[in-house]
Amino acid sequence: MMIAGSISAALLLIAVPAQRNIFGERIVAYCRANIGQKVGDGDCYDLAQHALQAAGARPEFKYRNYPNKADYVWGVPVLYFEAGESGLKRAGKVKDLQPGDVIQMRDAKFEGKKSNGDGRYTLKFSHHTAIVSSVENNGKSIQILHQNFGGKKFVLEGSITPEHLQSGWIRIYRTNPK
């Protein structure tokens, strides 16, 4: 299923049109029910893995990591962003994202104006997994549920703005049945 390479390989893997995430509501409900609580060992991976299992979706360990070890694959690729010297590359459309889709990030650094217009922000994720809870502002902002961020090993809400990706990559997957 996986093809070696960079963005060109990711382009081949994007599911177009994206199928409906039949597990999405259950995945998000599981995450929301655990806000403020530690899931598993408190690692970001644990939240996604437990949420998928609770929803009846296929767990990550059934897929081969790509492109490197611990670059988890959570299902069918829906969206891909990679920041490089030539700018932001993408495959897929933010409008195709659905609640319950799983985000995998590697060396991702986001910088930009705060949504309230009050200054700038920087977010860094060296290796991180999160769940899409919603997409807002015409696809400009992805609301996420995640844990093990900023030293907090419990479930929190947050957001990312894909257009503000300055380095690294993010991949977003649609889960499958077991």
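The values are calculated or read from the model by the stated rules, or taken from the named source; none is laboratory data. Only a predicted model underlies this, so the values are computations on that prediction, with no experimental measurement involved. Positions of Cβ are backbone-derived with ideal geometry, glycine not excepted, and every protein chain shown enters the neighbour counts.
Quick one: in region 70-86, of everything that is assigned to a loop (DSSP other than H, G, I, E, B) and not aromatic (Phe, Trp, Tyr), which residue is surrounded by the most Cβ atoms within 10 Å (Cβ to Cβ)?
By that ranking, first place goes to 75.
What are the residues in region 157-178 that are without any contact (Cβ under 8 Å) to a residue 40 or more places away in the chain and over 23 Å from residue 49 (Cα atoms), if any?
Result: no residue meets the conditions.
Could you check region 62-121 and list, in sequence order, the residues that are in contact with a Ser or Thr (Cβ under 8 Å, 6 or more places away or on another chain), aromatic (Phe, Trp, Tyr) and closer than 21 Å to residue 164 by Cα?
110 - this is the single residue of region 62-121 that is in contact with a Ser or Thr (Cβ under 8 Å, 6 or more places away or on another chain), aromatic (Phe, Trp, Tyr) and closer than 21 Å to residue 164 by Cα.
Looking at region 168-178, which of its residues are on the phi < 0 side of the Ramachandran plot and surrounded by 14 or more Cβ atoms within 10 Å (Cβ to Cβ)? Even if it seems obvious, please write down each step before you answer.
Keep residues of region 168-178 that are on the phi < 0 side of the Ramachandran plot, which gives 169-178.
If the condition is that a residue be on the phi < 0 side of the Ramachandran plot and surrounded by 14 or more Cβ atoms within 10 Å (Cβ to Cβ), then 169, 170, 171, 172, 173, 174, 175, 176 are the ones that fit.
Taking region 44-59, which residues are outside any loop (DSSP other than H, G, I, E, B) and in contact (Cβ under 8 Å) with a residue 40 or more places away in the chain?
Once the filter is applied, which keeps residues that are outside any loop (DSSP other than H, G, I, E, B) and in contact (Cβ under 8 Å) with a residue 40 or more places away in the chain, region 44-59 yields 44, 45, 46, 47, 48, 51, 52, 55, 57.
Quickly run through region 78-107 and pick out the residues that are within 11 Å of the chain's Cα centre (by Cα) and of a type outside the set (S, T, N, Q).
78, 79, 80, 81, 97, 99, 100, 101, 102, 103, 105, 106 - these are the residues of region 78-107 that are within 11 Å of the chain's Cα centre (by Cα) and of a type outside the set (S, T, N, Q).
Taking the criterion of being in contact (Cβ under 8 Å) with a residue 24 or more places away in the chain, over 16 Å from residue 51 (Cα atoms) and of a type outside the set (Phe, Trp, Tyr), would at least one residue in region 144-156 satisfy it?
no
Could you grab me the full set of residues in region 111-143 that are over 30 Å from residue 59 (Cβ atoms) and either in a strand (DSSP E or B) or touching a residue at least 60 places away in the same chain (Cβ under 8 Å) (or both)?
Filtering region 111-143 down to residues over 30 Å from residue 59 (Cβ atoms) leaves 111-122, 137-138, 140.
Scanning region 111-143 gives 111, 112, 113, 120, 121, 122.
Name, by its number, the condition in (1) at pLDDT below 90; (2) in a strand (DSSP E or B); (3) of a type in the set (Lys, Arg) that does not hold for residue 90.
It fails just one condition, (1).
Does region 100-110 hold any residues that are assigned to a strand (DSSP E or B) and under 30 Å from residue 177 (Cβ atoms), and which are they?
102, 103, 104, 105, 106, 108
Among the residues in region 162-177, are any closer than 25 Å to residue 37 by Cα, of a type in the set (Ser, Thr, Tyr) and in a loop (DSSP other than H, G, I, E, B)?
Yes, some residue in region 162-177 is closer than 25 Å to residue 37 by Cα, of a type in the set (Ser, Thr, Tyr) and in a loop (DSSP other than H, G, I, E, B).
Looking only at region 144-161, how many residues end up being in a loop (DSSP other than H, G, I, E, B) and aliphatic (A, V, I, L, M)? Steps first, please.
In the first step, residues of region 144-161 are kept if they are in a loop (DSSP other than H, G, I, E, B); the result is 147-148, 150-151, 153-154, 161.
Next cut, aliphatic (A, V, I, L, M) only: none.
Number satisfying all stated conditions: 0.
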